[in-house]
1. Within segment 90-127, how many residues are touching a helix residue (DSSP H, G or I) at 6+ places or on another chain (Cβ under 9 Å) and surrounded by 11 or more Cβ atoms within 10 Å (Cβ to Cβ)?
2. Mind counting the residues in segment 44-83 that are under 19 Å from Asp14 (Cβ atoms), of a type outside the set (Lys, Arg) and part of a strand (DSSP E or B)?
3. Only one of these is in contact with a strand residue (DSSP E or B) (Cβ under 7 Å, 6 or more places away or on another chain) and farther than 24 Å from Arg91 by Cα: Val41, Val29. Name it.
4. So how many residues does segment 178-229 have that are at negative phi and either assigned to a helix (DSSP H, G or I) or without any contact (Cβ under 8 Å) to a residue 24 or more places away in the chain (or both)?
5. Considering each residue of segment 171-191, count those that are acidic (Asp, Glu) and either crowded, with 21+ Cβ neighbours inside 10 Å or out of contact with any strand residue (DSSP E or B) (no Cβ under 9 Å at 6 or more places or on another chain) (or both), and give that number.
6. Among the numbered conditions (1) within 21 Å of the chain's Cα centre (by Cα); (2) outside any helix (DSSP H, G or I); (3) modelled with pLDDT of 95 or more, tell me where Asp86 comes up short.
7. Name the one entry in Glu264, Glu168, Glu279, Glu194 that is exposed (fewer than 14 other Cβ atoms within 10 Å of the Cβ) and closer than 30 Å to Phe138 by Cβ.
8. Failed condition for Ala96, given (1) in contact (Cβ under 8 Å) with a residue 40 or more places away in the chain; (2) touching a Leu at 6+ places or on another chain (Cβ under 7 Å); (3) of a type outside the set (D, E, K, R), with all others met?
Amino acid sequence: MTTRARRVATDDLDLPLVFRGADALEAGVLTQRELRDGRWVRLLRGVYTRRDVEVTHPLRCEAAGLLLPPAAQITGASAASVLGQDWLAARDDVEAVIEDVGLHPTVRGVSTRRSRRPLDRGRAWRTTQLAAPERIAFDAAARTSLPWAVARLDALVRARLVTVPRLEGWLLDRRDGGVVRVREAVAMVDPRAESLPESVVRVLLHLAGIDAVPQVEVRHMGRFVGRVDLALVALRIAVEYDGAWHALPEQLVKDRDRLNALREAGWVVVHVTAADVAEPGRVVALVRAAMAGRSHTGRDTWPCS
């Protein structure tokens with residue numbers, strides 16, 4: 001496996017951006033005193049970077065690669081983060097996978113899954129290698145609840161990092177832990193969602209017998225009004241996930257204007273927050289209440305535009 005160490009200039013020192021302290025000491029680049037003089041921050045046990053470098057989860061994955069066996073692969077949510085999905089915080093454990101053959105050292109800060117089958121060929125990445133796309137998707141979905149499993153798969157398919165047919169084929173005769181949940185999640189994939197929480201809300205509603213359509217364009221009298229996160233089209237009920245960015249002053253004005261336009265078009269808008277998603281019953285209750293209101297007024301067969 002070929003690794004590509006990124007280098008960074010620190011005074012007159014020639015060090016990789018991420019390096020093992022033991023290697024720097026052995027090479028005589030640093031002394032024990034210099035390693036502890038405040039210029040460095042530890043990423044994992046014995047692995048360092050410069051203090052002024054932004055610590056991200058991909059950087060932590062790069063550090064893990066210096067400690068993992070050569071046959072190990074970065075997988076799951078960690079590999080997804082490396083590939084552009086901003087799912088994990090800098091200090092979250094790195095997810096790795098290795099074949100279940102022989103003994104392998106444990107690394108604090110790294111969660112390693114063992115595969116009963118030989119791993120598919122990954123691809124080299126900086127200090128280590130990334131797992132194959134189907135393995136990444138499987139591990140990302142297998143380590144979380146069903147709604148979040150679907151959400152992660154939605155995002156990976158939307159980003160074209162994996163396809164549903166290839167993942168279905170990969171899962172055909174697997175016996176890995178979590179495989180039943182992942183198969184169930186794959187059957188619900190819909191990459192139209194534009195965020196993980198939107199997907200989670202859709203799945204929560206689906207499991208409660210309420211089918212909502214993602215990313216529906218609303219038009220009124222031939223005019224484009226807006227695109228809603230989820231919609232019960234026949235009832236003209238929009239379900240919108242309000243993330244933290246909706247609290248920004250400039251966004252509040254846009255949201256208010258958009259809400260007024262949707263109401264003018266005859267739509268009811270249900271707002272869902274992170275607190276609601278944390279209590280799934282609340283999400284379903286909010287939408288059911290809106291549905292009951294529509295039925296009560298007799299408006300249960302609205303046209304689509």
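The values are calculated or read from the model by the stated rules, or taken from the named source; none is laboratory data. Quantities reported herein were computed from a predicted structural model and do not represent experimental measurements. With ideal geometry, Cβ positions are generated from the backbone for all residues, glycine too; neighbour counts draw on all protein chains shown.
1. Residues of segment 90-127 touching a helix residue (DSSP H, G or I) at 6+ places or on another chain (Cβ under 9 Å): 90-97, 107, 109-111, 113, 115, 119-120, 122, 125-127.
Then drop every residue that is not surrounded by 11 or more Cβ atoms within 10 Å (Cβ to Cβ), which leaves 90, 92-97, 107, 109-111, 113, 115, 119-120, 122, 125-127.
Matching residues across segment 90-127 total 19.
2. 3
3. Details: Val41 fails: farther than 24 Å from Arg91 by Cα.
From the options Val41, Val29, the qualifying one is Val29.
4. Going through segment 178-229 one residue at a time, the tally reaches 28.
5. Qualifying residue count, segment 171-191: 2.
6. (3)
7. Residue meeting the stated conditions: Glu279.
8. Every condition holds for Ala96 apart from (1).
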